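The values are calculated or read from the model by the stated rules, or taken from the named source; none is laboratory data. These numbers come from a predicted model, not from an experiment. Note: ideal-geometry Cβ built from the backbone for every residue, glycine included; neighbour counts use all protein chains shown. Remember, those area values only see protein heavy atoms, side chains included, never the ligands or the DNA or RNA. Shrake-Rupley method; radii C 1.70, N 1.55, O 1.52, S 1.80 Å.
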Amino acid sequence: MRLKDKVAIITGAANGIGLAAAHRFAEEGAKVVLADYDAEAGAVQEVELNKLGYEVKFIQVDVANRASVDALIEQTISNFGQINILVNNAGITRDAMLTKMTEDDFSNVLNVNITGVFNCTQAVVPYLIKQGHGKIINTSSVSGVYGNVGQTNYAASKAAIIGMTKTWAKELGRKGINVNAVAPGFTSTAMVAKMPEAIISQMKSVVSLQRLGDPRDIANAYLFLASEESSYVHGHVLQVDGGIMM
Ligand code: CAA
Ligand code: NAI
């Protein structure tokens, strides 16, 4: 068991990649908080995971709202007594060409994808510092590494994740806290299902492995970075993208 008795908060874990990660972490012995805005899916997935014998709790949160994040952390501590791992996985898209992107499209994506990651990390870090150890995993994207048509807001937010990851690695390494990022490629979840079919095919064709990622492909990378196997990996951005050439 690679995460025995560890307590992990995974944001955006009611669906998609975060949900796959919740399964992988629980299979490896972690107690998992599904931290998500989506109360309906969160409640259903909590029951499903508990049925499998895992210690999993759904806590509703809006990562963009600091009071909501503070309540998430308090509830996690009161339920599980500690926090060892934070996966900043929640994220949204509002795709539009630059000339058509509204101010709301731009600011909503930055609020969730950047401020949300800042809020959760700043709220959790005092606990990790007190313990002298911890793991933070941030979710970037190939869009943040290469840019992507129709994603001014999202690509900016996912590039910001890389900057925050490298900064926190420098600030928190000496406190015993590992900080890394995963930059997934196009992965089969609701986020990609919203894309026009022709663009999905175009994206698949520039992936060396010639397929979309499976949520478990990304979850396995989170698991590696959450486990002790990665204890000397620090400030790294792990691209899990099937060898994409965007
Ligand atoms: N590459 C090159 N050109 C592209 C393109 C692409 N990927 N996508 C669109 N274009 C071109 C079109 O061919 C079109 O060209 P012309 O003006 O010469 O005809 C022009 O850009 C405008 O495209 P649309 O007609 O599609 O414009 P629209 O306003 O109707 O829609 C859009 C724009 C909303 C951005 C739509 O194209 C779209 O949804 N694209 C997908 C964006 C995308 O890749 N999102 C990723 C979501 S998944 C995710 O984000 C996960 C992750 O981290 C990777
Ligand atoms: P998804 O849309 O399936 O799941 C995202 C989850 O985040 C949902 O459960 C949603 O309710 C939750 N969420 C959204 N806003 C929230 C908020 N304000 N507070 C709390 N929870 C919120 O998306 P997917 O594909 O699973 O994405 C997970 C992460 O991976 C995101 O950060 C995304 O940007 C990133 N990513 C996804 C890729 C893909 O191709 N699917 C590729 C690269 C990165």
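Could you please tell me which pairs satisfy a Cβ distance under 9 Å, a separation of 6+ or placement on different chains, a first residue in the range 132-154 that is within 8 Å of ligand 1 (Cβ to nearest atom), and a second residue that is aromatic (F, W, Y)? From residues that are within 8 Å of ligand 1 (Cβ to nearest atom), the pairs are S141/Y154; V142/F186; S143/Y154; G144/Y154; N148/Y154.
Considering (1) more than 10 Å from ligand 2 (Cβ to nearest atom); (2) open to solvent by less than 30 Å² (accessible area, probe 1.4 Å); (3) assigned to a helix (DSSP H, G or I), the lone condition that C120 does not fulfil carries the number (1). Name the single residue, out of those in the range 191-229 being in contact with a helix residue (DSSP H, G or I) (Cβ under 6 Å, 6 or more places away or on another chain) and touching a residue at least 60 places away in the same chain (Cβ under 8 Å), that is surrounded by the most Cβ atoms within 10 Å (Cβ to Cβ). Restricting to residues being in contact with a helix residue (DSSP H, G or I) (Cβ under 6 Å, 6 or more places away or on another chain) and touching a residue at least 60 places away in the same chain (Cβ under 8 Å), the top hit is Y222. Scanning for something under 19 Å from S140 (Cα atoms) and open to solvent by 30 Å² or more (accessible area, probe 1.4 Å), does the range 175-182 turn up at least one residue? So far as the range 175-182 goes, no, none of its residues is under 19 Å from S140 (Cα atoms) and open to solvent by 30 Å² or more (accessible area, probe 1.4 Å).
May I ask you to say which residue of I83, I129, I77, I73 is open to solvent by less than 40 Å² (accessible area, probe 1.4 Å), part of a helix (DSSP H, G or I) and among the aliphatic types (A, V, I, L, M)?
When all the criteria are applied, what remains is I73.
Would you call A8 in contact with a strand residue (DSSP E or B) (Cβ under 7 Å, 6 or more places away or on another chain), open to solvent by less than 30 Å² (accessible area, probe 1.4 Å), aliphatic (A, V, I, L, M) and part of a strand (DSSP E or B)? It is true that A8 is in contact with a strand residue (DSSP E or B) (Cβ under 7 Å, 6 or more places away or on another chain), open to solvent by less than 30 Å² (accessible area, probe 1.4 Å), aliphatic (A, V, I, L, M) and part of a strand (DSSP E or B).
Cβ-Cβ distances below 8 Å connect the following pairs, each with a first residue in the range 44-59 that is surrounded by 15 or more Cβ atoms within 10 Å (Cβ to Cβ), a second residue that is part of a loop (DSSP other than H, G, I, E, B) and at pLDDT 95 or above, and a separation of six or more residues or different chains: Q45/A13; Q45/A14; F58/A14. Annotation: A90 fulfils all but one of (1) under 24 Å from N148 (Cα atoms); (2) out of contact with any Phe, Trp or Tyr (no Cβ under 9 Å at 6 or more places or on another chain); (3) among the small types (G, A, S); the unmet one is (2). Within the range 13-52, being out of contact with any Ser or Thr (no Cβ under 8 Å at 6 or more places or on another chain), in a loop (DSSP other than H, G, I, E, B) and within 9 Å of ligand 2 (Cβ to nearest atom) holds for A13, A14, Y37, D38.
Residues in the range 75-126 that are free of Cβ contacts under 8 Å to residues at least 12 places away in the same chain and not small (G, A, S): 7 in all.
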